[in-house]
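Student: Shown below is the structure under consideration.
The values are calculated or read from the model by the stated rules, or taken from the named source; none is laboratory data. Computed from a prediction, not measured in an experiment: that's the story for all the values here. Positions of Cβ are backbone-derived with ideal geometry, glycine not excepted, and every protein chain shown enters the neighbour counts. To get the accessible areas, we keep the full protein, side chains included, count just its heavy atoms, and leave off ligands, DNA and RNA. Shrake-Rupley method; radii C 1.70, N 1.55, O 1.52, S 1.80 Å.
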Amino acid sequence: MGQEIGELLERIDPQAFATVVEAFRDGDRRWFFSGQGRSGLAAQMSAMRFMHLGRSVHFVGEVTAPSVRKGDGLLIISGSGETPVSLSYAKIAKAEGAKVITLTHKPKGTLAGIADIVLPVPVVETKQFGGSLFEQTCLLLLDAVVLQLASGMADAHGTMAYRHTNLQ
């Protein structure tokens, strides 16, 4: 598993990754995360990490999540880039004027065509079941985004630890 993840991370486009990091530098933007099935679980874990960083984040579909509006951002994790619910969320977000980011292994898929920013996760072959390699790599990539953002913060580890234990 580790070897597969390492090899996949080596194939990540550094410019596409940097573009995602830059999009998240705006600390005032509200961020919404989404994904279906296990991709949704990876999106939820990532949303929590961004909350620990101090970002205003919500998971689409949660009862306390507000509606996506102009100036917000929506990050969708979708391996196929064709999941109907994810496509619907992306279309709604775009119509409202939100920035849409997707992590997908189908950079020419429908979702990628809607998104403003695409981070391709080029899964080719795996010995793991289902989309495990894709989901694991997405989680690591988004943790890497958080680390990039935290590197510019004073006492990032202390701040994140405080939010982790006191805001949950």
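Student: Counting other Cβ atoms within 10 Å, keep those with at most 14, restrict to DSSP loop, and tell me which chymotrypsin sites (Phe, Trp or Tyr not before Pro) in region 81-158 are left.
Tutor: Phe129
Student: If you add up the charges near Leu139, with Lys and Arg at +1 and Asp and Glu at -1, over every other residue whose beta carbon is less than 13 angstrom from its beta carbon, what do you get? Don't jump to the answer; show the numbers that get you there.
Tutor: On the way: positive: Arg38, Arg49; negative: Glu135, Asp143.
Once all neighbours under 13 Å are counted, the net charge is 0.
Student: Pop out the ³J(HN,Hα) list for region 8-16 in order, Karplus 6.51 cos²θ - 1.76 cosθ + 1.60 with θ = phi - 60°, rounded to Hz; leave Gly and Pro as x.
Tutor: 5, 4, 5, 8, 6, 5, x, 5, 5
Student: Okay, next question. In the chain, what percent of the accessible surface is made up of carbon and sulfur (1.4 Å probe, ligands and nucleic acids excluded)?
Tutor: Within the chain, the accessible surface is 55 percent carbon and sulfur.
Student: Quick one: which residues, 5 or more positions from Phe32 or on another chain, have an amide H under 5 Å from its amide H? H modelled 1.01 Å from N in the peptide plane, none for Pro or chain starts.
Tutor: Residues meeting the criterion, in which the H sits 1.01 Å from N, are His58, Gly73, Leu74, Leu75.
Student: What residue among Gly73, Gly2, Ala16 has its Cα farthest toward the positive end of the dipole of region 1-126, where the charges are +1 on Lys, Arg and -1 on Asp, Glu, each on the Cβ?
Tutor: Working it through, the farthest residue towards the positive pole turns out to be Gly73.
Student: Suppose we flag trypsin sites (Lys or Arg not before Pro) only when DSSP calls them loop and at most 13 other Cβ atoms lie within 10 Å. Which is the longest uninterrupted stretch of the chain?
Tutor: Answer from the scan: 26-68.
Student: Next up: Points 7 angstrom from Cα along the Cβ direction at Met45 and Lys91: gap in nanometres?
Tutor: 3.1 nm
Student: For each pair in Lys94/Lys127; Lys91/Lys127; Lys106/Lys127, compute the distance between the two Cα atoms and list the pairs where it is over 31 Å.
Tutor: Working: Lys94/Lys127 36 Å; Lys91/Lys127 34 Å; Lys106/Lys127 19 Å.
Over 31 Å apart, Cα to Cα: Lys94/Lys127; Lys91/Lys127.
Student: Where does the charge balance sit around Gly79 when Lys and Arg score +1, Asp and Glu -1, over other residues with C-beta under 13 Å from its C-beta?
Tutor: So the environment of Gly79 carries a net charge of 0.
Student: Still on this structure, please answer the following. Could you give the size of the charge dipole of the chain about its Cα centre, using +1 on the Cβ of each K and R and -1 on the Cβ of each D and E, expressed in debye and rounded to the nearest 20?
Tutor: With Lys and Arg at +1 and Asp and Glu at -1, about 440 debye.
Student: Run the helix sum for the chain: -39,500 (n - 2.57) per DSSP H stretch of 4+ residues, divided by residue count, reported at 222 nm to the nearest 500 deg cm²/dmol. Display every interim value, and only then the final one.
Tutor: On the way: 7 runs with 85 residues, N = 168.
That comes out to -16000 deg cm²/dmol.
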